[in-house]
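A.B. asks: A single structure is presented below for examination.
The values are calculated or read from the model by the stated rules, or taken from the named source; none is laboratory data. All figures in this text were calculated on a predicted structure; none of them were measured in a lab. Every residue, glycine as well, gets a Cβ built from its backbone with ideal geometry; the counts of neighbours run over all protein chains shown.
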């Protein structure tokens, strides 16, 4: 068992995350996600808002039943407003989890002055609210559920500190064991000084600890990301405050600019939890090796994720810059804050305008071909020029195509041929092995011009044609001929060449050149298998 201070991870992806416009998932995907969260070993999953609709109720109930059937699982939470019928519905939805000792009812009431007026009206009776908090929390606790109470808009409570304290007291007296202090509108910052919500959490924790010394309260932080500060605010609540639970969503999905990204929180705690408090380090129980898979699931089925998204994004472990690639090839951690393989992600490279010879060399040699140090820069530059309009980079397959183009011994720009009863000839313009410019070959016999080209190629690299097929790609006078020629070299290895042209003879010649080029590259530049 780990030693130190555990930070409980509360996943509200299925509740707060699906409140994000366009982020809903089907019933089946919700249940599939719940299974993934269990494998990830998170502590709490807020499965939904049971009283919002029948489908929400069914999702919460199904996840409660799923987890109740497992020997170990996260706690299942359901959210409800502080209203009798909603509390009753949520208790009913969570009943299977309650019987297994793994159910949590989460309720809330606004405390920020502006939010109270907007939600409750300007005549809201504070005394009645306190009584309701106590009564409804007690009802849930008596039903065998853990209870979490959230003073909504906690980070903007302003002059309502004492009122907020009274509500927390009422919740604790009713049986709540989790007090969540949300930055509901995502505007908190430690620049606020004593008004910063973490400072206020510390004061509230001191009050409650003094007044209820026998109660083990879990303080929680729930931060939105409207100013991009959700990760910092969340870890501050733990590292500098009383929070031993952090709430958020995978990939930071959620209302407006989203909730705190749980994958970032988990990795920050993993990275800094011991250095912040060496004698009693912070940690989570999350199995980080499952993290990438869970993030990819949400990116695919709930809401698309930006490529540059921290931790799990497609570019988070992908490199293109020549200097970076060179360093990472030597030391994978040179430009990574953590080893991506720990979360189930591989370091990858994208060849682009800023890539260098080492990057090209790595891809070419990984594919099994030779790229010597003295030529790697030239090869890289050749490939860049070949794809000069592709500023966003090229695939490894395209790079290899460029490498093969660089290596090809035959490159012809112009084809001319003639044929008579007893002779055929080809006149080529370009490069043919060691010949540059105009290249001519004559063949005696009744064969096509392809035979003349074959005679010329055999003087450099003898091959045998095993099959030759040509067919049109469409009907009409403007159809192109598609030719396929399979040859073998002296080792017996097969090489299929493709060629296309409106002239059937030229398409066949292109196919033969393509096959001979492949045979030449395989013979001369293929690395030996060790």
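A.B. asks: Looking at the stretch 19-28, which of the residues that are touching a helix residue (DSSP H, G or I) at 6+ places or on another chain (Cβ under 8 Å) and surrounded by 17 or more Cβ atoms within 10 Å (Cβ to Cβ) is nearest to residue 184 (Cα to Cα)?
C.D. replies: By that ranking, first place goes to 23.
A.B. asks: Going through the stretch 35-68 one residue at a time, which ones are touching a strand residue (DSSP E or B) at 6+ places or on another chain (Cβ under 7 Å) and either part of a helix (DSSP H, G or I) or in contact (Cβ under 8 Å) with a residue 40 or more places away in the chain (or both)? Explain how you work it out, then say what you get.
C.D. replies: Step one: of the stretch 35-68, the residues touching a strand residue (DSSP E or B) at 6+ places or on another chain (Cβ under 7 Å) are 37, 42-51, 56, 59-60, 63-64, 67.
Answer for the stretch 35-68, where residues must be touching a strand residue (DSSP E or B) at 6+ places or on another chain (Cβ under 7 Å) and either part of a helix (DSSP H, G or I) or in contact (Cβ under 8 Å) with a residue 40 or more places away in the chain (or both): 37, 42, 43, 44, 46, 50, 56, 59, 60, 63, 64, 67.
A.B. asks: One residue is enough: does the stretch 13-26 have a residue meeting the conditions more than 27 Å from the chain's Cα centre (by Cα) and under 30 Å from residue 159 (Cβ atoms)?
C.D. replies: The first filter runs over the stretch 13-26 and keeps only residues more than 27 Å from the chain's Cα centre (by Cα), leaving none.
No, that holds for no residue.
A.B. asks: Mind checking which residues of the stretch 109-134 are more than 42 Å from the chain's Cα centre (by Cα) and modelled with pLDDT of 85 or more? Steps first, answer last, please.
C.D. replies: Going through the stretch 109-134, the residues more than 42 Å from the chain's Cα centre (by Cα) turn out to be 121-132, 134.
Selection gives 125, 126, 127, 128, 129, 130, 131, 132, 134.
A.B. asks: Given (1) under 27 Å from residue 363 (Cβ atoms); (2) not in a strand (DSSP E or B), where does residue 462 come up short, assuming only one miss?
C.D. replies: Of (1) under 27 Å from residue 363 (Cβ atoms); (2) not in a strand (DSSP E or B), only one is false for residue 462: (1).
A.B. asks: Right, next: Could you tell me whether residue 410 is more than 20 Å from residue 517 (Cα to Cα) and touching a strand residue (DSSP E or B) at 6+ places or on another chain (Cβ under 6 Å)? Spell out the reasoning first.
C.D. replies: Working: more than 20 Å from residue 517 (Cα to Cα): no; touching a strand residue (DSSP E or B) at 6+ places or on another chain (Cβ under 6 Å): yes.
Judged against the criteria, residue 410 is not a match.
A.B. asks: Now a separate question. Only one residue in 97, 93, 139 is modelled with pLDDT of 95 or more, assigned by TED's automatic domain parsing to the domain that holds residue 215 and over 35 Å from the mean Cα position of the chain (by Cα), so which one is that? Break it down stepwise before answering.
C.D. replies: Numbers: 97 fails: over 35 Å from the mean Cα position of the chain (by Cα); 93 fails: over 35 Å from the mean Cα position of the chain (by Cα).
The conditions single out 139.
A.B. asks: If you go through the stretch 37-50 one residue at a time, do you hit one that is assigned by TED's automatic domain parsing to the domain that holds residue 218, modelled with pLDDT of 95 or more, crowded, with 20+ Cβ neighbours inside 10 Å and over 26 Å from residue 137 (Cα atoms)?
C.D. replies: yes
A.B. asks: A further question follows. How many residues are part of a strand (DSSP E or B) and in contact with a helix residue (DSSP H, G or I) (Cβ under 8 Å, 6 or more places away or on another chain) if we restrict to the stretch 493-508? So that I can check it myself, show each step before the final result.
C.D. replies: Going residue by residue through the stretch 493-508, those that are part of a strand (DSSP E or B) are 494-501.
Imposing the further condition that a residue be in contact with a helix residue (DSSP H, G or I) (Cβ under 8 Å, 6 or more places away or on another chain) reduces the set to 495-501.
So the answer is 7.
A.B. asks: Can you confirm whether residue 8 is touching a strand residue (DSSP E or B) at 6+ places or on another chain (Cβ under 8 Å) and either closer than 30 Å to residue 272 by Cα or surrounded by fewer than 24 Cβ atoms within 10 Å (Cβ to Cβ) (or both)?
C.D. replies: On the way: touching a strand residue (DSSP E or B) at 6+ places or on another chain (Cβ under 8 Å): yes; either closer than 30 Å to residue 272 by Cα or surrounded by fewer than 24 Cβ atoms within 10 Å (Cβ to Cβ) (or both): yes.
Taking the combined requirement at face value, the residue satisfies it.
A.B. asks: So which of 71, 32 ends up being assigned by TED's automatic domain parsing to the domain that holds residue 262, part of a helix (DSSP H, G or I) and surrounded by fewer than 24 Cβ atoms within 10 Å (Cβ to Cβ)?
C.D. replies: On the way: 71 fails: part of a helix (DSSP H, G or I).
Result of the check over 71, 32: 32.
A.B. asks: Looking only at the stretch 288-302, which residues are in contact with a helix residue (DSSP H, G or I) (Cβ under 8 Å, 6 or more places away or on another chain) and either crowded, with 21+ Cβ neighbours inside 10 Å or over 18 Å from residue 45 (Cβ atoms) (or both)? Even if it seems obvious, please write down each step before you answer.
C.D. replies: Taking the stretch 288-302 first, the residues in contact with a helix residue (DSSP H, G or I) (Cβ under 8 Å, 6 or more places away or on another chain) are 288-295, 297-299, 301-302.
Within the stretch 288-302, 289, 291, 292, 294, 295, 298, 299, 302 meet the criteria.
A.B. asks: Out of all the residues in the stretch 109-128, is one or more assigned by TED's automatic domain parsing to the domain that holds residue 264, surrounded by 22 or more Cβ atoms within 10 Å (Cβ to Cβ) and part of a helix (DSSP H, G or I)?
C.D. replies: Looking for residues that are assigned by TED's automatic domain parsing to the domain that holds residue 264, surrounded by 22 or more Cβ atoms within 10 Å (Cβ to Cβ) and part of a helix (DSSP H, G or I), one finds none in the stretch 109-128, hence no.
A.B. asks: Please determine whether any residue of the stretch 321-328 is within 30 Å of residue 513 (Cα to Cα), buried (at least 16 other Cβ atoms within 10 Å of the Cβ) and in contact with a helix residue (DSSP H, G or I) (Cβ under 8 Å, 6 or more places away or on another chain).
C.D. replies: No: the stretch 321-328 contains no residue that is within 30 Å of residue 513 (Cα to Cα), buried (at least 16 other Cβ atoms within 10 Å of the Cβ) and in contact with a helix residue (DSSP H, G or I) (Cβ under 8 Å, 6 or more places away or on another chain).
A.B. asks: Can you go through 124, 143, 112 and tell me which one is in contact with a helix residue (DSSP H, G or I) (Cβ under 6 Å, 6 or more places away or on another chain) and in contact (Cβ under 8 Å) with a residue 60 or more places away in the chain?
C.D. replies: Numbers: 124 fails: in contact (Cβ under 8 Å) with a residue 60 or more places away in the chain; 143 fails: in contact (Cβ under 8 Å) with a residue 60 or more places away in the chain.
Checking each option against the conditions leaves just 112.
Yes/no matrix, rows are residues, columns are (1) modelled with pLDDT of 95 or more; (2) closer than 25 Å to residue 418 by Cβ; (3) touching a helix residue (DSSP H, G or I) at 6+ places or on another chain (Cβ under 9 Å); (4) in the same structural domain as residue 419 (by TED's automatic domain parsing):
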| residue | (1), (2), (3), (4) |
| --- | --- |
| 471 | no, yes, no, yes |
| 476 | no, no, no, yes |
| 486 | yes, no, yes, yes |
| 491 | no, no, yes, yes |
